[in-house]
Amino acid sequence: QVQLVESGGGLVQPGGSLRLSCAASGSIDSIYNMGWFRQAPGKQRELVALITSGGSTNYLDSVKGRFAISRDNAKNTVYLQMNSLKPEDTAVYYCNVVLRSGRFWGQGTQVTVSS
């Protein structure tokens, strides 16, 4: 069994920053991709950022230049640094990890951007 524990969400004003963390624990075998998805009310879940085991990254067009994904393989942890936040970034953010044994999701953390 694999557990993903997210932290770092909250309320922030437009233009502000937040850093999300997601730590994987349990029966960890090889970790392939690690990523962050988000889902706003009434919308489909969408991929925000992805980082491969080799360190390659991919971003949703609307967050390019503002968000940065990184990972610490020694800690089985993935991060999402979010800068210049906009109200349209408001959503529940979910960590996603792809292991040899399967794909796992975090419980979600709320990010609200509002003045």
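From the list S62, S27, S7, exactly one residue is among the hydroxyl-bearing types (S, T, Y) and exposed (fewer than 12 other Cβ atoms within 10 Å of the Cβ). Which is it?
Unique residue meeting the criteria: S27.
Residue-by-condition table, conditions (1) open to solvent by 50 Å² or more (accessible area, probe 1.4 Å); (2) free of Cβ contacts under 8 Å to residues at least 60 places away in the same chain; (3) on the phi < 0 side of the Ramachandran plot; (4) basic (K, R):
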residue	(1), (2), (3), (4)
R38	no, no, yes, yes
N58	yes, yes, yes, no
R66	no, yes, yes, yes
Q110	yes, no, yes, no
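Listed residues G102, G106; which is within 10 Å of the chain's Cα centre (by Cα) and either surrounded by 11 or more Cβ atoms within 10 Å (Cβ to Cβ) or at pLDDT below 95 (or both)?
Just a single option satisfies the conditions, and that option is G106.
Can we say V92 is under 19 Å from S7 (Cβ atoms) and in contact with a helix residue (DSSP H, G or I) (Cβ under 7 Å, 6 or more places away or on another chain)? So that I can check it myself, show each step before the final result.
On the way: under 19 Å from S7 (Cβ atoms): yes; in contact with a helix residue (DSSP H, G or I) (Cβ under 7 Å, 6 or more places away or on another chain): no.
Spelling it out, it is not the case that V92 is under 19 Å from S7 (Cβ atoms) and in contact with a helix residue (DSSP H, G or I) (Cβ under 7 Å, 6 or more places away or on another chain).
Taking the stated definitions as given, is S84 closer than 19 Å to G8 by Cβ, polar (S, T, N, Q), in a loop (DSSP other than H, G, I, E, B) and at pLDDT 95 or above?
Considered against the rule, which asks whether it is closer than 19 Å to G8 by Cβ, polar (S, T, N, Q), in a loop (DSSP other than H, G, I, E, B) and at pLDDT 95 or above, S84 comes out as yes.
Mind listing whichever residues of region 31-52 are outside any strand (DSSP E or B) and of a type in the set (A, V, I, L, M)?
Step one: of region 31-52, the residues outside any strand (DSSP E or B) are 40-45, 52.
Within region 31-52, just A40 meets the criteria.
Search region 6-19 for residues that are among the acidic types (D, E) and pair each with any residue that is assigned to a loop (DSSP other than H, G, I, E, B) when their beta-carbon atoms are under 6 Å apart and the residues are at least 6 apart or on different chains.
Filtered contacts from region 6-19: E6/G106.
The values are calculated or read from the model by the stated rules, or taken from the named source; none is laboratory data. Treat the numbers as computed from the prediction; the structure is a model and nothing was measured. Cβ coordinates were reconstructed from backbone atoms using ideal geometry, including for glycine residues, and neighbour counts include every protein chain displayed. Quick note on the areas: whole protein, heavy atoms, side chains included, nothing else; ligands and nucleic acids left out. Shrake-Rupley method; radii C 1.70, N 1.55, O 1.52, S 1.80 Å.
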